[in-house]
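Participant: Please find one structure pasted underneath; my questions will follow.
The values are calculated or read from the model by the stated rules, or taken from the named source; none is laboratory data. Computed from a predicted structure; not experimentally measured. Cβ coordinates were reconstructed from backbone atoms using ideal geometry, including for glycine residues, and neighbour counts include every protein chain displayed. These area figures cover heavy atoms from the full protein model, side chains too; ligands, DNA and RNA do not enter into them. Shrake-Rupley method; radii C 1.70, N 1.55, O 1.52, S 1.80 Å.
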Amino acid sequence: MAGMSELTASQRFQAFANPARFMALSDRLLPFCTGATALLLAAGLYLSLFASPPDYQQGETVRIMYIHVPSAWLAMFGYMVMAGASAVALVFRHPLADIGAKSAAPIGAAFTFLALVTGSLWGRPMWGTWWVWDARLTSMLILLFLYLGYMALWATIEEPVRAGRAAAVLALVGSINVPIIHYSVVWWNTLHQPASVFRIDGPAIATSMLMPLLIMALGFTLFFMTLLLVRMRAEILRRRVRVLRLARTEG
Amino acid sequence: MDSFLAMGGYAGFVWPAYGLALVVMIGVAVQSVADYRAQQRLVRELDAGKTARPRAPARSLGDA
């Protein structure tokens with residue numbers, strides 16, 4: 001029996017060795033991430049509301065772009081983080097990958113929601129409609145449902161290892177939606193304009209608007225990463241609480 | 001100032017977009033930090049309970 005408890009002790013140590021290192025590292029990173037996020041978002045807000053021109057066709061509504069486009073990018077970036085971490089979790093069984101995937105989901109879902117609603121608020125004055133069931137908008141709505149389904153799966157399965165495995169499979173299957181979103185404006189007729197930044201021939205957007213957009217996008221990305229660190233730390237602590245409680249009821 | 005707030009007649013679209021982004025992003029941030037603090041408190045409580053009344057020394061929780 002002594003040998004057995006030694007084995008589980010070393011297994012537990014291995015499982016927690018990397019999370020422990022992550023806790024130490026993220027603790028040191030967080031103040032810098034938070035500061036950089038605040039600075040970039042403040043600069044981005046100033047640029048997008050005050051220091052950028054109205055569009056010659058869209059007037060002042062173009063300012064919605066500075067939150068709509070970064071939200072949509074982060075919605076897809078978040079899903080790629082989640083699906084990538086899920087793949088690592090399934091193949092290598094690394095506990096941090098599982099925790100990272102789970103922690104990315106609510107932040108990505110929030111940005112997907114923002115992209116949808118700000119797009120609607122932009123579409124009404126520019127297209128004359130809040131919503132159309134075209135490929136870009138519909139695939140973005142499906143992305144929101146994938147996030148929500150992923151989160152629901154985690155919430156319904158009590159045991160973290162089993163929940164993680166089921167959720168990872170869902171995240172990977174759903175990742176087919178990401179290229180569909182990206183190419184939807186190319187493959188199908190849509191009201192939505194095609195990509196104007198990530199193009200083979202370079203951005204087709206004036207520098208006076210590209211700068212605020214990129215600063216804002218960087219701010220949103222750092223916001224995402226900062227919250228990802230916070231949520232991963234919370235998740236590691238949650239698992240520690242679970243282990244401590246289980247051990248207590250056993251003892 | 002008034003013309004800035006009017007957003008060229010599109011105030012009803014621009015400001016709700018910015019307002020909602022603010023609310024949602026602050027909401028996620030606050031929820032994340034609150035959850036982190038709650039888990040921190042739980043770990044502290046469980047650790048304190050463990051040292052207060054040590055039992056079943058053979059299966060102590062030191063490795064958990």
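Participant: For the condition within 27 Å of A:F50 (Cβ to Cβ), assigned to a loop (DSSP other than H, G, I, E, B) and hydrophobic (A, V, I, L, M, F, W, C), what is the one hit in A:A217, A:A204?
Facilitator: Values: A:A217 fails: assigned to a loop (DSSP other than H, G, I, E, B).
The unique qualifying residue is A:A204.
Participant: For the stretch B:1-14, enumerate the residues that are surrounded by 15 or more Cβ atoms within 10 Å (Cβ to Cβ) and not in a helix (DSSP H, G or I).
Facilitator: B:Y10
Participant: From the list A:L227, A:L237, A:L244, which residue is within 26 Å of A:A20 (Cβ to Cβ), within 9 Å of chain B (Cβ to nearest Cβ) and more than 22 Å from the chain's Cα centre (by Cα)?
Facilitator: A:L244
Participant: Now for a separate question. Taking the conditions exactly as written (within 15 Å of the chain's Cα centre (by Cα) and surrounded by fewer than 21 Cβ atoms within 10 Å (Cβ to Cβ)), does A:G78 satisfy them or not? Steps first, please.
Facilitator: Details: within 15 Å of the chain's Cα centre (by Cα): yes; surrounded by fewer than 21 Cβ atoms within 10 Å (Cβ to Cβ): no.
Considered against the rule, which asks whether it is within 15 Å of the chain's Cα centre (by Cα) and surrounded by fewer than 21 Cβ atoms within 10 Å (Cβ to Cβ), A:G78 comes out as no.
Participant: Could you please let me know if A:S48 is farther than 25 Å from A:V230 by Cβ and touching a Pro at 6+ places or on another chain (Cβ under 9 Å)?
Facilitator: Values: farther than 25 Å from A:V230 by Cβ: yes; touching a Pro at 6+ places or on another chain (Cβ under 9 Å): yes.
Criteria met by A:S48.
Participant: I'd like to verify a number: residues in the stretch A:116-153 that are surrounded by fewer than 20 Cβ atoms within 10 Å (Cβ to Cβ), closer than 25 Å to A:I99 by Cα and not aliphatic (A, V, I, L, M), how many?
Facilitator: Qualifying residue count for the region: 2.
Participant: For the stretch A:154-176, name all the residues that are among the acidic types (D, E) and closer than 13 Å to A:D98 by Cβ. Can you show your working first?
Facilitator: Taking the stretch A:154-176 as the starting set, the residues that turn out to be among the acidic types (D, E) are A:158-159.
Answer for the stretch A:154-176, where residues must be among the acidic types (D, E) and closer than 13 Å to A:D98 by Cβ: just A:E159.
Participant: Any idea which of A:V169, A:V173, A:V241 is in a helix (DSSP H, G or I), on the phi < 0 side of the Ramachandran plot, open to solvent by 70 Å² or more (accessible area, probe 1.4 Å) and free of Cβ contacts under 8 Å to residues at least 12 places away in the same chain?
Facilitator: A:V173
Participant: Among the residues of the stretch A:176-199, which ones are part of a helix (DSSP H, G or I) and not aromatic (F, W, Y)?
Facilitator: Of everything in the stretch A:176-199, those that are part of a helix (DSSP H, G or I) and not aromatic (F, W, Y) turn out to be A:N177, A:V178, A:P179, A:I180, A:I181, A:H182, A:S184, A:V185, A:V186.
Participant: Let me ask another. Please state which of the following conditions A:I200 fails to meet, knowing it meets all the rest: (1) β-branched (V, I, T); (2) without any contact (Cβ under 8 Å) to a residue 12 or more places away in the chain; (3) in contact with a helix residue (DSSP H, G or I) (Cβ under 8 Å, 6 or more places away or on another chain).
Facilitator: Just one mismatch for A:I200, condition (3).
Participant: Follow-up question, since we're still on this one. Would you please name the residue that is least open to solvent (accessible area, probe 1.4 Å), looking only at residues in the stretch B:15-30 that are more than 8 Å from chain A (Cβ to nearest Cβ) and over 18 Å from A:P31 (Cα atoms)?
Facilitator: B:G19
Participant: Which condition number in (1) buried (at least 18 other Cβ atoms within 10 Å of the Cβ); (2) out of contact with any strand residue (DSSP E or B) (no Cβ under 8 Å at 6 or more places or on another chain); (3) within 11 Å of another protein chain (Cβ to nearest Cβ) is the one that A:T61 fails?
Facilitator: (2)
Participant: Just need a number here: residues in the stretch A:109-146 that are outside any loop (DSSP other than H, G, I, E, B), more than 13 Å from chain B (Cβ to nearest Cβ) and among the charged types (D, E, K, R).
Facilitator: The total comes to 1.
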